[in-house]
Amino acid sequence: MTARFRHRMLALGFAAASLTAADAQAWPSALMESLNRDARRLVPRTLARLMAEREKEIFEEARAFPAVLAQALAADLSSGTLRPETLAALDARAFEASALLRDQKVSDGIIKLGALMRIAADLSDPVLSAGPEGYPLGVTREYYTFISGSLDKIPVVVDNEPALRMPRRGLGGYWQTVLGRSRIDSPVIRTELFRNGRVISHRTIDYRSPVFGVASLSYSRGVTAIAATWLAVWRDVRGDVTRTPRPATVAPVNAPPVPPTPIVSPSAPAPAQ
């Protein structure tokens with residue numbers, strides 16, 4: 001194999017890898033902004049106001065995620081398990097925000113805290129936990145386009161209310177749980193948006209599709225995970241938790257009664273002949 005041929009093959013391989021990576025991006029910017037704003041509805045008003053005032057800086061900090069850590073997180077998302085060294089690096093990011101706030105560097109600390117949304121959002125995105133095979137080209141584009149066009153129909157619910165009271169030391173285990181649930185949803189996207197060798201257009205699916213179910217679950221999971229991450233660090237530095245919104249409990253209206261499940265006793269074995 002000549003050097004020229006090797007160079008060409010490497011270039012083609014890089015182009016293919018770049019194409020795959022571009023097609024498997026995390027939540028688009030508009031959805032990240034929506035996740036951020038919905039998550040702020042779950043935190044104390046003091047914290048929500050401080051974050052709203054620094055929204056632009058928070059998104060810039062989130063985009064400036066260290067490349068080495070981003071690669072480690074991407075590998076763990078693909079495998080479905082957060083390695084101890086990755087968890088330690090992620091926790092160090094949370095500790096950095098905590099340290100700044102403890103040192104009364106409020107603006108810098110709030111920006112670092114807000115940027116932790118990147119961790120929670122990535123863990124909540126089933127696209128990123130699809131495994132090393134990923135999705136056929138075009139599937140993620142249709143999936144994200146469907147979510148963007150369905151936001152007004154997605155009910156935002158608290159995915160895990162106890163997580164909103166979690167201490168900072170519980171973040172590692174919680175993050176792993178979030179990833180595990182995202183991984184369960186990942187195959188549905190492939191099954192529903194790629195059939196008979198072709199990508200299914202988002203225009204052909206609606207709220208009755210399993211894709212809507214995955215989109216709704218993952219969006220609410222992302223909102224909850226972002227808020228839970230923020231709150232764990234905020235309480236760790238004894239931030240103001242007064243005027244914390246209480247999620248409203250929504251019960252079905254005019255729902256038919258659920259009949260009790262009958263208990264059937266096992267039949268006695270027939271006597272031996």
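The values are calculated or read from the model by the stated rules, or taken from the named source; none is laboratory data. Since the structure is predicted, the reported quantities are computational estimates derived from the model, not experimental observations. Note that each Cβ is placed from the backbone with ideal geometry, even for glycine, and that neighbours are counted across all protein chains shown.
Determine the pairs where a residue that is without any contact (Cβ under 8 Å) to a residue 12 or more places away in the chain, located within region 116-137, has a partner that is basic (K, R) with Cβ atoms under 9 Å apart, the partner being 6 or more residues away or on another chain.
Every condition considered, the pairs that remain are E133/R190.
Between a first residue in region 153-172 that is farther than 25 Å from A92 by Cα and a second residue that is of a type in the set (K, R) and surrounded by 15 or more Cβ atoms within 10 Å (Cβ to Cβ), which pairs have beta carbons less than 8 Å apart while being 6 or more apart in sequence or on different chains?
From residues that are farther than 25 Å from A92 by Cα, the pairs are D159/R221.
If you go through region 159-207, how many residues are under 20 Å from the mean Cα position of the chain (by Cα), assigned to a loop (DSSP other than H, G, I, E, B) and buried (at least 19 other Cβ atoms within 10 Å of the Cβ)?
The total comes to 1.
Looking only at region 136-158, count every residue that is within 22 Å of D38 (Cβ to Cβ) and in contact with a His (Cβ under 6 Å, 6 or more places away or on another chain) and tell me the total. Walk me through it before giving the result.
Just the residues of region 136-158 that are within 22 Å of D38 (Cβ to Cβ), to begin with: 140, 143-158.
Applying the additional criterion that residues be in contact with a His (Cβ under 6 Å, 6 or more places away or on another chain) yields 145-146.
Matching residues across region 136-158 total 2.
Give the number of residues within region 108-128 that are assigned to a helix (DSSP H, G or I) and either at pLDDT below 95 or among the aliphatic types (A, V, I, L, M) (or both). First the steps, then the outcome.
Residues of region 108-128 assigned to a helix (DSSP H, G or I): 108-115, 117-124, 126-128.
Okay, now just the ones that are also either at pLDDT below 95 or among the aliphatic types (A, V, I, L, M) (or both), so 110-111, 113, 115, 117, 119-121, 123, 127-128.
Selection size over region 108-128: 11.
Conditions: (1) assigned to a helix (DSSP H, G or I); (2) crowded, with 19+ Cβ neighbours inside 10 Å. A52 meets all but one. Number of the miss?
Going through the list (1) assigned to a helix (DSSP H, G or I); (2) crowded, with 19+ Cβ neighbours inside 10 Å, A52 breaks only (2).
Of all residues being part of a loop (DSSP other than H, G, I, E, B) and either in contact with a helix residue (DSSP H, G or I) (Cβ under 8 Å, 6 or more places away or on another chain) or of a type in the set (G, A, S) (or both) in region 208-243, which is surrounded by the most Cβ atoms within 10 Å (Cβ to Cβ)? Just the residue, please. Walk me through it before giving the result.
At the first step, the residues of region 208-243 found to be part of a loop (DSSP other than H, G, I, E, B) are 208-209, 237-243.
Those still in the list that are either in contact with a helix residue (DSSP H, G or I) (Cβ under 8 Å, 6 or more places away or on another chain) or of a type in the set (G, A, S) (or both) too: 209, 237, 239-243.
On the way: S209: 17, V237: 16, G239: 21, D240: 12, V241: 14, T242: 7, R243: 11.
Looking at the filtered set, the residue picked out is G239.
Go through (1) more than 30 Å from R198 (Cβ to Cβ); (2) of a type in the set (S, T, Y); (3) surrounded by fewer than 17 Cβ atoms within 10 Å (Cβ to Cβ) one by one and return the number of the condition S148 breaks.
(1)
Among the numbered criteria (1) at pLDDT 95 or above; (2) under 30 Å from D91 (Cα atoms); (3) of a type in the set (A, V, I, L, M, F, W, C), which one does V241 miss?
Tallying (1) at pLDDT 95 or above; (2) under 30 Å from D91 (Cα atoms); (3) of a type in the set (A, V, I, L, M, F, W, C), V241 fails exactly one: (1).
Given the structure, is S148 within 18 Å of the chain's Cα centre (by Cα) and either more than 17 Å from I226 (Cβ to Cβ) or not in a helix (DSSP H, G or I) (or both)? Don't jump to the end; show me each part of the working.
Values: within 18 Å of the chain's Cα centre (by Cα): yes; either more than 17 Å from I226 (Cβ to Cβ) or not in a helix (DSSP H, G or I) (or both): yes.
Yes.
If we keep just the residues of region 80-102 that are in contact (Cβ under 8 Å) with a residue 24 or more places away in the chain and over 13 Å from I119 (Cα atoms), which is surrounded by the most Cβ atoms within 10 Å (Cβ to Cβ)? Can you show your working first?
The first filter runs over region 80-102 and keeps only residues in contact (Cβ under 8 Å) with a residue 24 or more places away in the chain, leaving 80-82, 87, 90-91, 93-94, 97-98, 101-102.
Now drop any that are not over 13 Å from I119 (Cα atoms), which leaves 80-81, 97-98, 101-102.
Details: G80: 16, T81: 13, A97: 25, S98: 21, L101: 21, R102: 13.
By that ranking, first place goes to A97.
Can you tell me which of R49, R4 is modelled with pLDDT under 95 and more than 30 Å from F146 (Cβ to Cβ)?
Of R49, R4, the one residue that is modelled with pLDDT under 95 and more than 30 Å from F146 (Cβ to Cβ) is R4.
For L100, are the conditions met, namely being modelled with pLDDT of 95 or more, out of contact with any His (no Cβ under 6 Å at 6 or more places or on another chain), in a helix (DSSP H, G or I) and under 23 Å from S220 (Cα atoms)? First the steps, then the outcome.
Numbers: modelled with pLDDT of 95 or more: yes; out of contact with any His (no Cβ under 6 Å at 6 or more places or on another chain): yes; in a helix (DSSP H, G or I): yes; under 23 Å from S220 (Cα atoms): no.
Spelling it out, it is not the case that L100 is modelled with pLDDT of 95 or more, out of contact with any His (no Cβ under 6 Å at 6 or more places or on another chain), in a helix (DSSP H, G or I) and under 23 Å from S220 (Cα atoms).
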